[in-house]
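First up is the structure itself, then whatever we jot down about it.
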Amino acid sequence: MRTHYCGQINSNNIEETVNLCGWVDRRRDHGGVIFLDLRDRSGIVQIVSDPERTPDSYEIAGDIRNEYVLQITGRVSRRPEESLNPKLPTGEIEIYADDIRLLNGLGKQLPFQISTAETEAVREELRLKYRYLDLRRERMTRNLLLRHEVVKAMRRFLEDEENFIEVETPILTRSTPEGARDYLVPSRVHAGEWFALPQSPQLFKQMLMVSGFDRYYQIARCFRDEDLRADRQPEFTQLDMEMSFMSQEEILELNEQLVAYIFQKVKGVELPLPFPRLTYAEAMERYGSDKPDIRFGLELVDVSDLVKDSGFKVFSGAIAAGGIVKVLPIPGGNDAISNVRIKPGGDLFKEASEVGAKGLAYIRVKEKGKIDTIGAIKDNLTDEQKEELLKRTNAQPGHLLLFAADDTNTVNKTLDRLRLVVGEQLGLIDKDKTNLLWVTDFPMFEWNEEEKRLEALHHPFTAPHPDDINDVKTARAQAYDLVFNGYEVGGGSLRIYQRDVQEKVFEAIGLSDEEADNKFGFLLEAFEYGTPPHGGIAYGLDRLVMLLAGEESIRDVIAFPKTQQAKCLLTNAPSEVNKKQLKELHVSSISKPKS
């Protein structure tokens, strides 16, 4: 039925007879000559039906409408000079239709316009309900083709350049909840027992290292029952990798080459190697974030030692309670940011309060080192303290200094949020710039205040730094994240491969020997049989493609995504099931039927 795709026809095909299939993007009647723009996933080509040159197709062309499905047989011709379209890859040619075959029409009115000529915004709920139509539109077609090219580049580099093999790991597995909630699947043949859908292939890929498959990868489906946002989905896709007999430095270098290969093949961009690196401590100190966007400056400055004895109790009280005081210096902030925006009710105050800040203090730097602020701050700074403050922050006349004083976590979250908001508003972020960096040396654990225990910052299979092995509770992890313009797109670590070390980590997170054996006994036993040193990384494919496509939501690079309420509007899932199915699964529901 088809000899070419629409977007493949060019001047090299002139005088050829071709068969094309696709959808009508637009129909135009110009004084008796009918033009049809035929579209498939490769692009658009112009079809011409002329009552004199193509009389056999002319009658049916008059009845064609947008989104009809056609088969076209015709001759490729050069367009007249005045109708060349340099914006289209097929803009030099057109096809005179000797035959038009209507394969299918429309039985209902379209819920929204699909044509590439349409620019009207469509509500996301409508797009997701009719996703099969949305995927015909140029934007979504382009995004899915980009996703395909990214995956293809990943496979080619890993298989052809670096000798990786792809191995599939189970989807039905054991529940070992340590991070997000598991999606659970009841077993019909084992009454009262449950499978879980994998949050990642972590344990299985470590088992593959024990098995001797020393370079593994998988385009893996993963599932997490967690609250959603623009860059999260309940089911998502990872590029999952694991490697034996490689140091952390070797793993980072290989992955830099992988990412550079993807950018070169997909975007035609040559990335400079190696990528910059920051330790976790440096990133938090300078940017208040473990995934900093370093396309612009606005670095934070810790002034806790300067104001710890200040008569301004907001500062001294925070430090006395174990917290810190930091400053966000903003060049030109005096003119760009009014007091109204900083005080309660203002937009910057609102941004700060959303992450826990109780308020914002500020200093405006004037000529000759003079400062303008509230009396409680000005009166409690000596001339020496003022001079040191301006020196540390590199403040010049016109600078606005925004202060956060609280516990360390709240201060960093506050100033990180304000840094990003101000950077965006003042046009300091170069949208055409690509910045990738590694963040390394994360803490092994963080304190879970709700459960009053330590929990693994990445996961409990991450190896502690060898210099810190004597006290794993305060150890640095041999972990690394790849950050792309302020988004974490990949994360990994060297893994524990010795039973005694793994048992120490389980003990640190509060697992008893019995619990550890019940949940992870197979892993601990495997460590008794010659497990090699190994490490790996996983990339969020959806998030990476989102950034490469310039989109703001991963839903726009996934064929059939869920909403932020974890629903599929196309199939109306999740849905109720009948009582017979539940009975077979030995499950009953306690939820009340929907009215």
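Whether any residue in segment 517-535 is hydroxyl-bearing (Ser, Thr, Tyr), surrounded by fewer than 23 Cβ atoms within 10 Å (Cβ to Cβ) and free of Cβ contacts under 8 Å to residues at least 40 places away in the same chain is what I want to check. No: zero hits. As a summary of the residue check, Asp182 satisfies the conditions (1) touching a His at 6+ places or on another chain (Cβ under 7 Å); (2) crowded, with 18+ Cβ neighbours inside 10 Å; (3) within 30 Å of Ser588 (Cβ to Cβ) except for the one numbered (1).
Note on segment 353-385: residues that are touching a residue at least 40 places away in the same chain (Cβ under 8 Å) and within 14 Å of Leu400 (Cβ to Cβ) total 5.
Taking the condition under 20 Å from the mean Cα position of the chain (by Cα), in contact (Cβ under 8 Å) with a residue 40 or more places away in the chain, buried (at least 17 other Cβ atoms within 10 Å of the Cβ) and within 19 Å of Gly536 (Cβ to Cβ), does Gln206 pass?
On the way: under 20 Å from the mean Cα position of the chain (by Cα): no; in contact (Cβ under 8 Å) with a residue 40 or more places away in the chain: yes; buried (at least 17 other Cβ atoms within 10 Å of the Cβ): yes; within 19 Å of Gly536 (Cβ to Cβ): yes.
So Gln206 fails the test.
Of the set (1) assigned to a helix (DSSP H, G or I); (2) open to solvent by less than 70 Å² (accessible area, probe 1.4 Å), all apply to Thr176 but (1). Take Met140 and decide whether it is touching a strand residue (DSSP E or B) at 6+ places or on another chain (Cβ under 9 Å), closer than 30 Å to Asp40 by Cα and open to solvent by less than 60 Å² (accessible area, probe 1.4 Å). No.
Pairs, please: C-beta under 9 Å, at least 6 apart or cross-chain, first residue in contact (Cβ under 8 Å) with a residue 12 or more places away in the chain and within 15 Å of Ala526 (Cβ to Cβ) and in segment 496-511, second among the polar types (S, T, N, Q) and open to solvent by 10 Å² or more (accessible area, probe 1.4 Å)? Between residues of segment 496-511 that are in contact (Cβ under 8 Å) with a residue 12 or more places away in the chain and within 15 Å of Ala526 (Cβ to Cβ) and residues that are among the polar types (S, T, N, Q) and open to solvent by 10 Å² or more (accessible area, probe 1.4 Å), the close pairs are Tyr497/Thr531; Gln498/Thr531; Arg499/Thr531; Phe506/Ser512.
Could you tell me whether Tyr96 is of a type in the set (Phe, Trp, Tyr), open to solvent by 50 Å² or more (accessible area, probe 1.4 Å) and either farther than 30 Å from Gln564 by Cα or not in a strand (DSSP E or B) (or both)? No; evaluated as a whole, the condition is false for this residue. Applying the criterion of being charged (D, E, K, R) and at pLDDT below 95 to the residues of segment 28-58, the residue that is most open to solvent (accessible area, probe 1.4 Å) is Glu52. Scan segment 283-303 for residues that are among the β-branched types (Val, Ile, Thr) and open to solvent by 10 Å² or more (accessible area, probe 1.4 Å) and report the count. Total satisfying the criteria: 2. When restricted to residues that are part of a loop (DSSP other than H, G, I, E, B), open to solvent by 10 Å² or more (accessible area, probe 1.4 Å) and not polar (S, T, N, Q), segment 389-443 contains 14. Remark: pairs (first residue in segment 454-477, in contact (Cβ under 8 Å) with a residue 24 or more places away in the chain and outside any helix (DSSP H, G or I); second residue basic (Lys, Arg) and open to solvent by 50 Å² or more (accessible area, probe 1.4 Å); Cβ separation under 9 Å; 6+ apart in sequence or on different chains) = Leu454/Lys473; Pro464/Arg476; Pro464/Lys504; His465/Arg476; Ile469/Lys504. Would you mind stating whether Asp25 is at pLDDT 95 or above, under 15 Å from Leu102 (Cα atoms) and not in a helix (DSSP H, G or I)? The answer is yes for Asp25.
The values are calculated or read from the model by the stated rules, or taken from the named source; none is laboratory data. All values reported here derive from a predicted model rather than from experimental measurement. Positions of Cβ are generated from backbone atoms using ideal geometry, with glycine treated the same way; all protein chains shown enter the neighbour counts. Keep in mind that these areas ignore ligands, DNA and RNA; they rest on the heavy atoms of the full protein, side chains included. Shrake-Rupley method; radii C 1.70, N 1.55, O 1.52, S 1.80 Å.
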